[in-house]
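Take a look at the structure set out below.
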Amino acid sequence: MSWRLSDELRRRVGGVTSPGVALRGAAIACRDESVSRRCSESPEFTLMRVAIVHDWLTTWAGAERVLERMLTLLPNADLYSTIDVLPDGFRTGLQGRTPQTTALQHLPALQAHYRSLLPLMPFAIRAWDFSAYDLILSSSHAVAKGVRVPRGVRHVCYCHTPMRYAWDLQSSYLQSSGFGSVKAWAARRVLSRLRDWDRRTSDSVNEFVANSSFISERIRRCYGRDSVVIYPPVNLRAFPLGAEPRGGSFVTAGRLVQYKRVDVMLEAFRMRPTEHLTVIGDGPLRAQLEASAPPNVSFVGRLPHDAMLRHLQRAKAFLFAAEEDFGIAPLEAQACGTPVIAYGRGAATETIVGPRSAAPCTGIFFDAQTPHAIVRAIDEYHEHRSSISAAACRTNAARFDTVHFDAALCAILGLPTDPAAALRTSG
């Protein structure tokens, strides 16, 4: 039986394929609490043997939040990950699962050096045997989609992006690995082979699910494959509107890595000394960025949820300078009623409504990752601030609520949803 995108699958999820938009229609007309219960209690699920494959478990970010929803919807599924060094504080998201790992798990200093193991991961995952399963659901931005799939086993890949390190972020990968010139030359050759492997193993996927239309088009370009778009889930209940008045600081949040372009934000605020920026998060570049920051930029590190929530609720606006595959942080800010100033590339154009749209504005775009472009966007934000309402931001974020993700993924997997139930969004 072919599991490729059939007319029946398109009908079930609303007929949207690459380079489509988010799923709509009957697939999302259901209640948040009831979707996961119907999925886990359905006869189809209880008879289905499912393996969920995730690239690696080192921190808790956007891809891991998607994984958490998969684990909720499929509570009897087994979990696989190349390595697992997830800190204890994040392990509640695994819902009691102990993932099956690879031989790489036994190498020293994994937390610090796992990215340098990327060339070994395609070989390591070959040891996994999925012949006892009916369904493989991979959550992949690197190697998870490349698992060996036995004959007759269905493989659905939720693709956060084709492998960044081999396709688009090769220079960032080499920089973070700390290779010298000779090793970097060898690594480029290895990454070229990884790119070939990544393209070749796309044939083992029966259906691709993209996390945005931006990634749907990238899947088409890299793999020559169609995909259905299901946006990652945003937990609106965890990011309510604030009751306190707005403060005087702009805010940004995320991993402090090169492609987030926090360095460009710092230079923009050096040019605007009367404005203030609060940087939430941690990462390998924190010390370097903090040392070079102007006095009107504060680094507060990784914060507990309640503390981060207060910053988001009281911020003037949220700044986002990365070209992201999806980017959940700007939506969490909008859920709090906070406008977003974002680089106008990648999926940000799908999750933020600019001032020239017919829909109510929720943010401002800048057209280049430069300090001057950000400064111009901040000035434009001040011009439009009175026309951007907290209610409009919240309403826009509600389009990405968890309810939509749950229903759409159940539809893709063939688990029941309830089209007759009333459409509901949180808040």
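Of all residues in the range 376-391, how many are surrounded by fewer than 19 Cβ atoms within 10 Å (Cβ to Cβ) and under 27 Å from the mean Cα position of the chain (by Cα)?
The number of residues fulfilling the criteria is 3.
Tell me, which residue of the range 277-296 that is assigned to a loop (DSSP other than H, G, I, E, B) and within 23 Å of the chain's Cα centre (by Cα) is surrounded by the most Cβ atoms within 10 Å (Cβ to Cβ)?
Per the stated criteria, the residue is 281.
Please verify whether the range 273-293 includes one or more residues that are modelled with pLDDT of 95 or more and in contact with a Pro (Cβ under 6 Å, 6 or more places away or on another chain).
No, the range 273-293 has no match at all.
Could you figure out which of (1) in the same structural domain as residue 64 (by TED's automatic domain parsing); (2) closer than 30 Å to residue 111 by Cα; (3) out of contact with any Lys or Arg (no Cβ under 8 Å at 6 or more places or on another chain) isn't true of residue 217?
It is condition (2) that residue 217 fails.
Checking residue 299 against (1) among the aromatic types (Phe, Trp, Tyr); (2) surrounded by fewer than 20 Cβ atoms within 10 Å (Cβ to Cβ); (3) in contact with a Gly (Cβ under 7 Å, 6 or more places away or on another chain), which test does it fail?
Among (1) among the aromatic types (Phe, Trp, Tyr); (2) surrounded by fewer than 20 Cβ atoms within 10 Å (Cβ to Cβ); (3) in contact with a Gly (Cβ under 7 Å, 6 or more places away or on another chain), residue 299 violates only (3).
Mind checking which pairs have a first residue in the range 292-310 that is touching a residue at least 40 places away in the same chain (Cβ under 8 Å) and a second that is of a type in the set (A, V, I, L, M), Cβ under 6 Å, 6 or more apart or different chains?
308/280
Looking at the range 180-272, what helices (runs of 4 or more DSSP H) fall wholly within it and have at least 3 residues that are within 17 Å of the chain's Cα centre (by Cα)?
Because the criterion is at least 3 residues that are within 17 Å of the chain's Cα centre (by Cα), the helices (runs of 4 or more DSSP H) in the range 180-272 that meet it are 213-223.
Note down all Cβ pairs under 8 Å where the first residue falls in the range 133-155 and is under 20 Å from residue 67 (Cα atoms), the second is basic (Lys, Arg) and not in a helix (DSSP H, G or I), and they're at least six residues apart or on different chains.
133/49; 134/49; 134/154; 135/49; 135/154; 136/154
Only residues that are touching a strand residue (DSSP E or B) at 6+ places or on another chain (Cβ under 6 Å), aromatic (Phe, Trp, Tyr) and closer than 19 Å to residue 303 by Cβ: list them for the range 235-284, please.
Result: 250, single match.
Among (1) under 18 Å from the mean Cα position of the chain (by Cα); (2) more than 27 Å from residue 267 (Cα to Cα); (3) hydrophobic (A, V, I, L, M, F, W, C); (4) at pLDDT below 95, which single condition is residue 335 missing?
Against the list (1) under 18 Å from the mean Cα position of the chain (by Cα); (2) more than 27 Å from residue 267 (Cα to Cα); (3) hydrophobic (A, V, I, L, M, F, W, C); (4) at pLDDT below 95, residue 335 comes up short only on (4).
Checking residue 224 against (1) surrounded by 19 or more Cβ atoms within 10 Å (Cβ to Cβ); (2) small (Gly, Ala, Ser); (3) at pLDDT 95 or above, which test does it fail?
Of the numbered conditions (1) surrounded by 19 or more Cβ atoms within 10 Å (Cβ to Cβ); (2) small (Gly, Ala, Ser); (3) at pLDDT 95 or above, the odd one out for residue 224 is (1).
On the given criteria, is residue 109 farther than 29 Å from residue 228 by Cα and either touching a residue at least 40 places away in the same chain (Cβ under 8 Å) or surrounded by fewer than 16 Cβ atoms within 10 Å (Cβ to Cβ) (or both)?
So residue 109 fits the description; yes.
The values are calculated or read from the model by the stated rules, or taken from the named source; none is laboratory data. As the structure is a prediction and not an experimental result, all values here were calculated from the model. Glycine gets a Cβ as well: all are built from the backbone with ideal geometry, and neighbour counts include every protein chain shown.
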